[in-house]
Amino acid sequence: MASKHIYDQNHREYVSLSAAYVGHLMTSSLLTPLAGLMYGLLSYFFPVLNFGIQNLVIFIIAVVIVGELIVVLIQRPFIIKASHSDPGGWGYALPEFLVLPCLAGLGAFLISRELSAGLVCALAFFIVFGVAGLLSKPWTPGLSRAEIRERYEQTKDMIQAGYIEEKYRDVEVDPSHRDLFKKR
């Protein structure tokens with residue numbers, strides 16, 4: 001017999017450091033190709049850093065792996081203090097916007113010894129990760145576990161009510177029998 005998960009209100013609200021890091025890496029794995037394309041587009045207009053495609057890919061992956069670790073480590077005190085995995089606030093949100101572009105710019109500058117190369121690389125990362133940050137609004141607090149659970153129950157009830165209505169909409173059924181399927 002499978003054990004049923006018991007919802008505990010006293011459970012901590014935040015995830016482990018490793019889970020947060022993996023979550024950041026998964027999100028960044030979707031944005032990393034866009035950062036590479038943005039860098040390619042910007043370097044077409046500003047030919048400053050000639051990496052070669054293989055070295056560019058390695059550079060971008062290294063920046064993302066190290067940068068997301070730094071972001072998670074900077075955000076961790078805010079998460080622990082608020083006891084919430086998405087506490088919001090500018091101290092929590094700014095690393096999402098600034099760490100990866102600064103790290104990419106610094107890395108490109110150190111490799112090429114040209115300030116313009118660092119600026120173009122930082123701009124490419126800032127455009128991609130800045131837009132993603134604006135869309136995700138990390139400065140606003142996320143839902144608590146209780147709010148998520150409440151919305152889950154509302155959604156479950158709505159789906160069940162919609163299913164019953166759809167299933168028996170065109171069927172001639174005695175009203176007393178319809179009440180058998182309603183949640184009590």
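Using R₀ = 30 Å, calculate the FRET efficiency as 1/(1 + (r/R₀)^6) where r is the Cβ-Cβ separation of Ile58 and Thr140; round to 0.05. If you can, show how the numbers build up before the last one.
Values: r = 35 Å, r/R0 = 1.18.
Calculated value: 0.25.
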Extending each Cα 7 Å along its Cβ direction at Ala19 and Leu110, get the distance between those two points in nm, one decimal. 3.3 nm
What is the distance, in nm, between label points placed 7 Å from the Cα along the Cα-to-Cβ direction at Ile65 and at Ile159? 3.8 nm
Label-point separation in nm, Leu30 to Leu119, each point 7 Å along Cα→Cβ: 3.3 nm
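Where a number appears in this text, it was derived from the coordinates with a stated rule and is not lab data. Fair warning: this is a prediction, and the values are worked out from it, not measured in the lab. Neighbour counts run over all protein chains shown; Cβ positions are idealised from the backbone, glycine included.
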